């Protein structure tokens, strides 16, 4: 049943930060990936299972808004939401909160379902659609 939202906690590591101890902007895509990977796993359809079915999900587009900094050793919450039923594309909306619960980042990642043999877009798997509809 849409929208579907999951929350994943992540402790910021030193490797995530720049010299100032702030999460480097290039690492936010990895935080999105952590959120959506855990979301799909919680739906009962981990990426590995998709790949075993011959489907991959490359990133098509990413949008980011940096509202405040995230620092080394903070325990952040990555909130991932799917608002609309996917067709050949699936849009993940992300909000990242700091330890105090303040929204410090917003992003959106659009992924495409692609057949690994033909390298052509395909429709979202039926199992995923079933989970999103119920």
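Values in this text are rule-based calculations from the coordinates and carry no lab data. On a predicted model such as this, the values are computed, not experimentally measured, just so you know. No Cβ is skipped: glycine too gets one built from the backbone with ideal geometry, and neighbour counts run over all protein chains shown.
Sort out for me the Cα centre separation of segment 91-112 from segment 40-66, rounded to whole Å. Result: 16 Å between the Cα centres. Helix 28-42 axis versus longest C-alpha principal axis of the chain: approximately 50°, rounded to the nearest ten.
Our summary gives segment 4-133 a relative contact order of 29 percent, counting only alpha carbon pairs under 8 angstrom and 6 or more residues apart. Taking label points 7 Å from Cα along the Cα-to-Cβ direction, residue 85 and residue 24 give a separation of 4.2 nm. Here the translational diffusion coefficient of segment 37-134 follows from Stokes-Einstein with Rh set to the Kirkwood radius across Cα pairs; for 37 °C and 0.692 mPa s it amounts to 223 µm²/s.
Only helical runs count toward this figure. For the chain, summing -39,500 (n - 2.57) over DSSP H runs of n ≥ 4 and dividing by all residues gives -6500 deg cm²/dmol at 222 nm.
When the chain is fully extended, how far beyond the present Cα-Cα distance does residue 122 get from residue 14, taking 0.36 nm per residue of separation?
Taking 0.36 nm per residue and subtracting the Cα distance, the gain is 35.0 nm.
Annotation: for a label point projected 7 angstrom from Cα along Cα→Cβ of residue 62, residues of segment 110-126 with backbone N closer than 13 Å are 110-111. Take the Cα of residue 77, step 7 Å toward its Cβ, do the same at residue 49, and the gap between the two points is 2.6 nm.
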